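Novice: Sharing a structure below in structure tokens format, with a few things to ask.
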Amino acid sequence: MKHLVPLLVVGVGLVAIATALGGRGAGIGGVAALVAQTGAVALLRPGMDAPQRPFMARWLGGMAIRLLTLGGLIALAATHPVELPLLQTALGFLGVLLPLLFAENRFLK
């Protein structure tokens, strides 16, 4: 669990920036991205030294977590546009998820 602390610290900082720039919707999208990325890293980390087949299964599971989170977030924003603006929410999600994805190998060591 302590290997997730740096991911959470960086993620919370990115969520704060997204909220400051994009408002409440971007903040909610950013939190969803942080939860998805944390789940994906937690799923992948135990399989880092595994053979290719189990490693790829865990990697694909992490990608599925991210995709399903984005799909659910878009569906929620599309059905509740007043409370959750679609564009701000999607940009907040991507604005937090993409930097975390690029730095993912740092959190997996």
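Where a number appears in this text, it was derived from the coordinates with a stated rule and is not lab data. None of the values given here were measured: they were computed from a predicted structure. Backbone-built Cβ (ideal geometry, glycine too); neighbour counts: all protein chains shown.
Residues are listed down the side, and each one gets a yes or a no for (1) among the hydrophobic types (A, V, I, L, M, F, W, C); (2) without any contact (Cβ under 8 Å) to a residue 12 or more places away in the chain; (3) closer than 22 Å to Asn105 by Cα:
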| position | (1), (2), (3) |
| --- | --- |
| Val5 | yes, yes, yes |
| Val10 | yes, no, yes |
| Ala20 | yes, yes, no |
| Arg45 | no, no, yes |
| Asp49 | no, yes, yes |
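Novice: Exactly one condition in (1) of a type in the set (D, E, K, R); (2) surrounded by fewer than 12 Cβ atoms within 10 Å (Cβ to Cβ); (3) over 21 Å from Arg106 (Cα atoms) is not met by Arg24; state its number.
Specialist: (2)
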